[in-house]
Amino acid sequence: MFIYLLILIIVTVVTLQAINREQYSASTIWWLMMGLGVFVGISDMLGGYDRYIYCELFDSMANVIKAEGNPWTTMTFTLYRTEPLWGAYNVLVGQFTQNRYVFIFITTMVIYVMLTISILKYTNRSSLVILAFMGLWFFFTFTYLRQVLACSVAWLALDYAVKRKPLPFFAIVFLGICIHNSAAVLLPLYFIPPVQYRPGLVIIVLLLCLGLGLTPFPDALFGGYGQMAGAEDRVGTISSEAGFRYAYLMEAVVFAGLILLNYDKFEDCGKRQTLMMNMALFFCCVLLVFVRSENGGRLGWGFMIGLFSTMAYLATVKRSVTPITGAVIVMFILLYLRILMAWGILLYPYKTFFTDGHRIGDPIYEHYEYDYKYDADKFYR
């Protein structure tokens, strides 16, 4: 666990030292994000089951490619029929390597490159934006590769919604949908003007979403999501039944409350930042709709960039340090620590794939390892 705490301490110290700076330079953001990407990318099957299913499917496809067979008929395309771009991506990487660890590393770095582009484009580059990412989404990049990749691709379209350019917007979002269908949540953004809506209307919509979340309807909707989400969800890693999710309710109240209590600070922020603010509110709406689902909030990940941007903007508006700044910093630290503690063995002890063997007592390895040759030699393929 210590290495994760060390990373948090380093990023927090850098954040505090730069808190009065006009903004992070682009190079600083690139260095920080690429460092985090390498840390995630070289980890040895951490994060849970999902890495194993993606790697097993990739290895099977790579074997077909090596044997000069037809990779387009492999299980990757069978399991993800509505997401063919994920299969095509596997085929592309399979032309260069048959090793699952290289596949994971390449995929992770592609994700982090696109995430960095979006952070540079859609945030004010304040010192809090990396800390926001770490508290809200960092750990999910270890395991939910397909959905994180889809979001990272689809976010490249958001600027075209602001500029009212439908062709590139829908084309890029469609690419994201072809990786993971959940990216479809971004489609309505083109038709929703990036304007600041009345606080009363926002509160009514939030309450309606909570009311909807208390009905059986979201379970049916989530069941459809499970069907399109692929093999990783069919083995029980996602559940639509979880009782009442107080964490979802608390997050939605805190995030929406911070925005609405400081709504005046967004009056002259421009269309792009207004779009980000609305996306943050949409994320809160999704949490409330799925307040009774174990992982239904994942449907809101398409709006996550809006939350990064809005919280960082709110904490450093007019480049001044306020009590909100301290509160937001503490909130992100607590969110980071919450996931770190909750995931436990899925994350630590940390191990890279540069050493052979596996972590002792790792139940994920014991249940889902499909090729024990990797245990003896990580680069035997």
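The values are calculated or read from the model by the stated rules, or taken from the named source; none is laboratory data. Note that the coordinates shown come from a computational prediction; the quantities given were computed from them, not determined experimentally. Glycine also receives a Cβ, built like all others from the backbone with ideal geometry; neighbour counts cover every protein chain displayed.
Quick notes on this structure:
- Taking region 125-225 and the helices (runs of 4 or more DSSP H) fully enclosed by it, the elements with 1 or more residues that are of a type in the set (Phe, Trp, Tyr) are at 129-136, 158-162, 166-177.
- Taking residues in region 156-169 that are more than 11 Å from Leu186 (Cα to Cα), and partners anywhere that are outside any helix (DSSP H, G or I), the pairs with Cβ atoms closer than 8 Å and at least 6 places apart or on different chains are Val162/Pro194.
- Tally, over region 326-358, of residues that are surrounded by fewer than 20 Cβ atoms within 10 Å (Cβ to Cβ), part of a helix (DSSP H, G or I) and among the β-branched types (Val, Ile, Thr): 4
- Count of residues meeting criterion [out of contact with any helix residue (DSSP H, G or I) (no Cβ under 7 Å at 6 or more places or on another chain) and part of a helix (DSSP H, G or I)] in region 299-325: 3
Every residue, every condition in (1) buried (at least 20 other Cβ atoms within 10 Å of the Cβ); (2) of a type in the set (Val, Ile, Thr), yes or no:
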position: Ile104; (1), (2): yes, yes
position: Met109; (1), (2): no, no
position: Leu128; (1), (2): yes, no
position: Trp137; (1), (2): yes, no
position: Arg146; (1), (2): yes, no
position: Ala150; (1), (2): yes, no
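- Filtered residue count, region 71-88, keeping only those that are outside any loop (DSSP other than H, G, I, E, B), surrounded by fewer than 21 Cβ atoms within 10 Å (Cβ to Cβ) and touching a residue at least 24 places away in the same chain (Cβ under 8 Å): 3
- Scanning region 262-277 for residues that are in contact with a helix residue (DSSP H, G or I) (Cβ under 9 Å, 6 or more places away or on another chain) and assigned to a helix (DSSP H, G or I) turns up Tyr263, Lys265, Phe266, Lys271, Arg272, Gln273, Thr274, Leu275, Met276, Met277.
- The requirement of being farther than 24 Å from Trp343 by Cα, crowded, with 21+ Cβ neighbours inside 10 Å and not polar (S, T, N, Q) is fulfilled nowhere in region 39-52; no residue meets it.
- The single condition from (1) under 23 Å from Gln147 (Cβ atoms); (2) under 22 Å from the mean Cα position of the chain (by Cα); (3) among the hydrophobic types (A, V, I, L, M, F, W, C) that Ile10 fails is (1).
- Which numbered condition Thr215 misses (of (1) touching a residue at least 12 places away in the same chain (Cβ under 8 Å); (2) surrounded by fewer than 23 Cβ atoms within 10 Å (Cβ to Cβ); (3) among the hydroxyl-bearing types (Ser, Thr, Tyr)): (1)
- Residue within region 39-50 that is in a helix (DSSP H, G or I) and modelled with pLDDT under 95 present: yes
- Residue pairs whose Cβ atoms lie under 7 Å apart, separated by 6 or more positions or on different chains, with the first residue in region 332-353 and touching a residue at least 24 places away in the same chain (Cβ under 8 Å) and the second surrounded by 15 or more Cβ atoms within 10 Å (Cβ to Cβ) and among the acidic types (Asp, Glu), are Lys351/Asp44; Thr352/Asp44; Phe353/Asp44.
- Breaking point among (1) part of a helix (DSSP H, G or I); (2) buried (at least 20 other Cβ atoms within 10 Å of the Cβ); (3) over 18 Å from the mean Cα position of the chain (by Cα), for Tyr24: (1)
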